[in-house]
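Let me begin by presenting the structure, written as structure tokens, before commenting on it.
The values are calculated or read from the model by the stated rules, or taken from the named source; none is laboratory data. Treat the numbers as computed from the prediction; the structure is a model and nothing was measured. Positions of Cβ are generated from backbone atoms using ideal geometry, with glycine treated the same way; all protein chains shown enter the neighbour counts. Note: areas computed on protein heavy atoms with side chains; ligands, DNA, RNA excluded. Shrake-Rupley method; radii C 1.70, N 1.55, O 1.52, S 1.80 Å.
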Amino acid sequence: MKPLYKTVGLVGTGAMGRGIAQIAAQAGSTVKLFDTQSGAADKARDALAAQWDKLVDKGRLDGALSTTHKARLLRADTLDDLADCDLVIEAVVERLDVKKSLFLSLETVVSGQTILVSNTSSLSITAIAAGLKHPGRFAGYHFFNPVPLMKVVEVIAGLKTEAATCGALADYARQMGHTPVQAQDTPGFIVNHAGRAYGTEALRIVSEGIADFATIDRILKDQAGFKLGPFELMDLTALDVSHPVMESVYHQYYEEPRYRPSVITAQRLAGGLLGRKTGEGFYRYTDGAAQIPAEPPVPVVAEMPPVWVSPRAARRSELLQLLKNLGASIETGASPSMNALVLVAPLGFDITTVAVVERLDPARTVGIDMLIDDAACKRRVLATNPATRRDMRDAAHALFARDGKAVSVIRDSGGFVTQRVVAAIVNIASDICQQGICSPKDLETAVTLGLGYPMGPLAMGDRYGPTNVLEVLFNMQTVYGDPRYRPSPWLRRRGAIGLSLTHQES
């Protein structure tokens, strides 16, 4: 297939620039590499050539095709050498002044038909294009590292970007083997915007002393199916990358509470605990392997107390059946006996609030997270309140571990761990749709490809029930009094009438 852009200029030859150059050359475009750093373009070309050679040695690339790819990489010594390019992609430092200056210079060099794009991850496309004479042919073209493997690219329209520009860029992304998603020019675009909740809510849980890093990672992987826990993910991306994005999105949205960063990452960034690349982040690394603390052992309980389940418990019938399967002695009275372990299963509320409202003995009350079907989880999560007796905590832990399933016991939390993280993810995604930043379909595609979530955030909301997610958010707002948890109108309205969150109004 003939490439949409015969000659592509690539300004900036770091890891991102090299990745973009690779897929452009493989799509059939001649790629001119330019970098202000002496020798950087040649190093990038040599690195890509070596990469293709390795693929040939492994039998994964034809030798003749490798030679063709290499021949398409050319060095540009000055910006003037990019004069004949049909498309110029910028992948330089994330500084507005640098990018604006570069594009003002480029516009004097290239033809009136050349498309100019920025790979910025956080800066405004409209702001970068503000001084251009032809802002209609300027857009955002945001790839993700490593570019050859991360198969999504955000095509971002500034206020003056022409629709034809975005359409052509989307077509070219497909030629390069990537999936384009269309986004409006807003802070974080789609992926970095939608990804705010996973890390920031996990950090908030830690800051409340509810659980440690490893426990939270285990819960979100084993209960909700995430491939990496939030702290594993931040160690992989490194805090010198992830924390500035948290701050950037937060400040660009004028301190919107939903995106509030954490002092925890600010302190660790200042202390140089960046993650894998420095050998220590939220975990210590030995030979690249995280040193993860062992889980607490299951307590040995000589005599198990009877169990009474609150009539207001979420999934109560399923919880009762689970207790029968585990061999528990279940009380069926209107209130628990003086010796019973009292189980509650709230959505959004903390265990303390439930014990007070339902007039239960807090010393014997333990909560269990039942948002997700137990059969679909690899881990059960229990929560105590400040008054819970140790013997009752141990009894609950031992009981729910009887069949060998992992159990985590955390301190009191409105929404446990999974409920509050999932609800925050769904809520932010819903508000992205409410703001018209992108279509529900492109949101789901961008998040699954760009963030590797087990499902799109709107599908996640549909899976666990929009009304359940709403209940979690409303109750958490009551517990914490924080506007961070106010539900998006998109979620509130669809949840109220039983409509799928992926439904796009006609």
*Length-normalised contact order of the range 99-237 in % [C-alpha pairs under 8 Å, at least 6 apart]*: 17 percent
*Choose one of L382, G195, Q175: the residue whose Cα lies farthest towards the positive end of the charge dipole of the chain (beta-carbon charges +1 Lys, Arg; -1 Asp, Glu; about the Cα centre).*
L382
*FRET efficiency, T467 to L74 (Cβ-Cβ, R0 56 Å, nearest 0.05)*: 0.45
*asked:* Largest first and in whole Å, what are the equivalent-ellipsoid semi-axes of the chain based on the Cα gyration tensor, each being the root of 5 times an eigenvalue?
replied: 50, 24, 19
*Could you please state, rounded to a whole Å, how far the C-alpha centre of the range 405-433 is from the C-alpha centre of the range 93-132?*
39 Å
*In Hz, Karplus ³J(HN,Hα) per residue of the range 140-146 (6.51, -1.76, 1.60; θ = phi - 60°; x = Gly, Pro)*: x, 9, 9, 8, 10, 7, x
*Calculate the dipole size of the chain relative to its Cα centre from +1 charges on Lys and Arg beta carbons and -1 charges on Asp and Glu beta carbons; express the result in debye to the nearest 20.*
500 debye
*For F349, what is the net charge nearby, where nearby means another residue's Cβ is under 14 Å from its Cβ and Lys, Arg count +1, Asp, Glu -1?*
-3
*Rounded, prolate or oblate: which one fits the range 12-131, using the alpha carbon gyration tensor with axes a ≥ b ≥ c (rounded when a/c is under 1.5, else prolate when a/b beats b/c, else oblate)?*
prolate
_Residue-span extension gain [R411 to A50] - 0.36 nm each, minus C-alpha spacing_ = 124.8 nm
_Electrostatic dipole magnitude of the range 59-126 [Cβ: Lys, Arg +1; Asp, Glu -1; Cα centre; debye, to 20]_ = 300 debye
*Quickly work out the R389-to-E358 label distance, labels modelled 7 Å from Cα along the C-beta direction, and quote it in nm with one decimal.*
1.9 nm
*How far is helix 96-107 tilted off the main Cα axis of the chain, in degrees rounded to 10, range 0 to 90?*
30 degrees
_What FRET efficiency comes out for S337 versus V298 if R0 is 25 angstrom and r is the Cβ-Cβ distance? Round to the nearest 0.05._
0.50
*Using alpha-carbon pairs under 8 Å, 6+ residues apart, how would you state the relative contact order of the chain in percent?*
12 percent
*Straight-line reach from K6: which lysines have Cα under 30 Å away, leaving out those fewer than 8 places along the same chain?*
K32, K43, K54, K58, K70, K99, K100, K133, K151, K160
*Q267-A238 pseudo-label distance in nm [points 7 Å out on the Cα-to-Cβ vector]*: 2.4 nm
*What is the Cα convex hull volume of the range 116-231 when expressed per residue in Å³?*
111 Å³
_If I take R0 = 41 Å and measure r between the Cβ atoms of K227 and Q504 in this structure, what FRET efficiency does the formula 1/(1 + (r/R0)^6) give, to the nearest 0.05?_
0.90
*asked:* Between A127 and T278, what is 0.36 nm times their sequence separation minus the Cα-Cα distance? Round to one decimal in nm.
replied: 50.9 nm
_Accessible area in square angstrom per residue, the chain, 1.4 angstrom probe_ = 42 Å²
*If you add up the charges near I497, with Lys and Arg at +1 and Asp and Glu at -1, over every other residue whose beta carbon is less than 14 angstrom from its beta carbon, what do you get?*
+1
*For the chain, which whole percent of the accessible surface, found with a 1.4 angstrom probe, sits on carbon and sulfur atoms?*
52 percent
*Once a ≥ b ≥ c are taken as the square roots of the eigenvalues of the Cα gyration tensor of the range 390-480, is the result rounded (a/c under 1.5), prolate (a/b larger than b/c) or oblate (a/b not larger than b/c)?*
prolate
*Whole-angstrom gap from the range 344-396 to the range 161-218, using each part's C-alpha centre*: 33 Å
*Rounded, prolate or oblate: which fits the range 180-243 when a ≥ b ≥ c are the square roots of the eigenvalues of the alpha-carbon gyration tensor, with rounded for a/c under 1.5 and prolate only if a/b beats b/c?*
prolate
*Kindly express, to the nearest 10 degrees and within the range 0 to 90, the angle between helix 163-175's C-alpha long axis and the longest C-alpha principal axis of the chain.*
80 degrees
*Quick one: ranking S101, S413, S38 by accessible area, 1.4 Å probe, largest first, what do you get?*
S38, S101, S413
_Can you give me the C-alpha center-to-center distance between the range 317-340 and the range 17-46, rounded to a whole angstrom?_
66 Å
*Go ahead and estimate [θ] at 222 nm for the chain from helices alone: -39,500 (n - 2.57) per DSSP H run with n ≥ 4, summed, over the residue count, rounded to 500.*
-12500 deg cm²/dmol
